[in-house]
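Below is one structure, written out as structure tokens, with a few remarks after it.
What follows is calculated from the coordinates using simple rules that are stated; it is not laboratory data. What you see is a predicted model; the values in this text were computed from it and never measured. Neighbour counts run over all protein chains shown; Cβ positions are idealised from the backbone, glycine included.
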């Protein structure tokens, strides 16, 4: 059992929790994810790792109420325990293999959509500690859905916030913000986009003409998360890869996003998405 | 003179009934039936059955005790060589091992050794008989990676020898393939698997779940920071193969591993669990092994009409005879000498069928089986909503990739000698991770051998 030792709501529907998991806290790296089970008859739910404290032995997760499973997680309180909490899973971000010297001369841009801000955070934190220059774009439905602004702001050089309704930051999509920066002539050595699949698809289309190296983190369906089931298979270039063990991060230009989005719907049942439907991309599609 | 009666038949659940439930198919013997069947054993002086058993259970000895009605004594004899008798009595391919070697089988039917083993194990459970004798702790720690048959067998022997053993399991339930692979109707999880694992824990073995070795910890960290003196890797062969044919990523194509994990480990068949599973109206299972039979029979129970597509003939089916027999009884259709060449999708990206080609058998290949050759122009379509790929599995490269000095071969199996010693000092391995996908009992045999080798290695090191 894995105890929740801290919980706070970042927004009315997004909760952050620190969970006691000493082994995972010791080995977690940026880019990795974990799997939780809320009770003994529950599903194995993949979640991104938002932070980890090796000394305290805790791992931080951020969840938003979008369906039955995530609602159950959000309703857990400090002192409650997860039945299972397994990880870290997946390959760490590639940049952890680079030296401080290399990273300190590099400039990164992160494009975070909604809850995707959570997994971006440990990457930005790590790169900041290595002396890299970092810009971050956070996109959200409205002011209430923007998370980790202060934390992120403290680590990056420029933080750009966009909201669908213009209630905070600039009104518009992350793709428009990215395009504006690239048009202005901003140069980045590496871009990383994490968010809903549709957002990552359109960030990829936006970045392509600028030859901006871009990685995306794929949140596919998974059962075990260790390479056993193949539910997470994605087409990368002309190869089939397992997002859980070969990823979750892949070269964005090689990802077959349409297939990946279709496969996400494999077990779509009666469970309804919450009120927020990510609208990004829809405008461009028309 | 031995009893010359025919083999005592075992009672099964009626096929018409059992396709509607996940209860165990085979009821097993009762005491009377078991004693009667035991009276058929010739008690050979040089028993071929013992030599043919991968863990060398003293078969005639335990059967003699069954004949006398001394079931506890029979259980004690089995427990010296096997830690999972209730499992092995159910899932071993006895026809090619103990029973295949039985002298009675030359002219008549062999002794029903598997069913007798199962009876003894079930009786022990029902009567709460446990064998927890072990040497006092010797101060040495061994880590076992994987709680499947290989790891369980290795941990049991080491614990009995006085080692402090911790098993690390990646999933949330211990048991490995017994938990995620073999269905409830063949191997009940609560009744059989959990009980046998509890017996291992009763020997003082600790099982830590949710630890993915290679990610959560590494072999190096276990040995350098956690004080384990030796490591046994029994992580199995969990990586599913796909065919590489067009349409394989359509919605509705799943690996047998995914399908069975959802149903077995995650209990998708039980509405109290949250796990989703999809079978549609028709399911095609590609492959002919035990896993293919398990997937087919599971899908049938979930309400689909199931066809098994296999590229050779019935004679070459790698599945146990009993499983094929049960599958047929349950109404599974076998489409033999048939191989898929493409999966067909509808306009929404869901499976609507498979295009297959007819095959004929050519010359024997390196495995000794006649190799299937496609017949030109014989393509035809089978309509189906779901395709389950059951083409075999290979070891997960995670441990090899994160352990310096641990070599693998071209099938990504760990390289190990006949005692399980790998290319890395202090690290031993056995079961599917070394042999590639095989059987429960072969993995157990390898686990036992490695336990003996670890004991020798650690004693010599002193």
* Structure fact -> Taking every alpha carbon pair in the range A:218-267 and sorting the distances into 5 angstrom bins from 0 up to the bin holding the longest one, the percent per bin comes out as 5, 25, 35, 24, 10, 1
* Please give the contour-minus-distance gain from residue B:16 to residue B:371: 0.36 nm per residue of separation, less the Cα-Cα distance, rounded to one decimal in nm. => 124.2 nm
* To do: For a footprinting-style exposure proxy, rank A:94, A:183, B:272 by other Cβ within 10 Å, fewest first.
  => B:272, A:183, A:94
* With just the Cα atoms of the protein assembly as shown, tell me how far they stretch along each of the three principal axes, in Å, largest first. => 98, 68, 46
* Asked: Using the beta-carbon distance between residue B:220 and residue A:267 and R0 = 41 Å, what value does 1/(1 + (r/R0)^6) give for FRET efficiency, to the nearest 0.05?
  -> 0.60
* Counting only DSSP beta bridges with both residues in the protein assembly as shown, what percent are antiparallel, rounded to the nearest 5? -> 50
* Asked: Hey, what number do you get for chain A at 222 nm if only DSSP H runs of n ≥ 4 count, each worth -39500 (n - 2.57), divided across all residues, to the nearest 500?
  -> -6500 deg cm²/dmol
* To do: With a Förster radius of 30 Å, plug the Cβ-Cβ distance of residue A:129 and residue A:251 into 1/(1 + (r/R0)^6) and report the FRET value to the nearest 0.05.
  => 0.75
* Asked: What is the fewest-to-most order of B:44, A:232 by other Cβ atoms lying within 10 Å of their Cβ?
  -> B:44, A:232
* Short version: what are the Cα gyration tensor semi-axes of the range A:2-89, square root of 5 times each eigenvalue, largest first, in whole Å? -> 18, 14, 12
* Give me the distance between the Cα centres of the range A:112-185 and the range B:349-406, rounded to whole Å. => 46
* Evaluate the range B:295-396: find the radius of gyration of its Cα atoms, find its Kirkwood radius, and give the ratio Rg to Rh. => 0.98
* To do: Within 10 Å of each residue's Cβ, count the other Cβ atoms and sort A:138, B:5 from fewest upward.
  => B:5, A:138
* Separation of alpha-carbon centers, the range B:154-188 and the range B:72-138, rounded to whole Å -> 18
* Structure fact -> Place a point 7 Å from the Cα of residue B:325 in the direction of its beta carbon; the residues of the range B:20-48 whose amide N falls under 16 Å from it are B:25-29
* **Distance from the range A:49-106 to the range B:50-68 (C-alpha centre basis), Å** => 52
* What nm value, rounded to one decimal, do you get for the distance between residue A:98 and residue B:73 when each label is placed 7 Å out toward the C-beta? -> 7.4
* Compute the Cα gyration tensor for the range B:7-76, then decide on rounded, prolate or oblate, letting a ≥ b ≥ c be the square roots of its eigenvalues: rounded whenever a/c is under 1.5, prolate when a/b is larger than b/c in the other cases, and oblate in all that remain. => prolate
* Let me know the shape class of chain B, please: from the alpha-carbon gyration tensor, a ≥ b ≥ c as square roots of the eigenvalues, rounded when a/c is under 1.5, otherwise prolate if a/b is greater than b/c, or oblate. => oblate
* Considering only chain B, percent of DSSP beta bridges that pair antiparallel, nearest 5 -> 40
* Grab the alpha carbons of chain A, take their convex hull, and tell me the volume per residue in Å³. => 132
* Asked: Which residue, A:264, A:123, A:32, has the most motion in a Gaussian network model of chain A that connects Cα atoms within less than 10 Å?
  -> A:264
* Report the far tail of the P(r) of the range A:114-233, meaning the percent of Cα-Cα pairs longer than 18 Å. => 55
* Asked: Can you work out the FRET efficiency for the pair residue B:315 and residue B:378, with r the C-beta to C-beta distance and R0 = 25 Å, to the nearest 0.05?
  -> 0.75
* Asked: At what distance in nm do the modelled label points of residue B:242 and residue A:259 sit from each other, each positioned 7 Å from its Cα along Cα→Cβ?
  -> 0.6
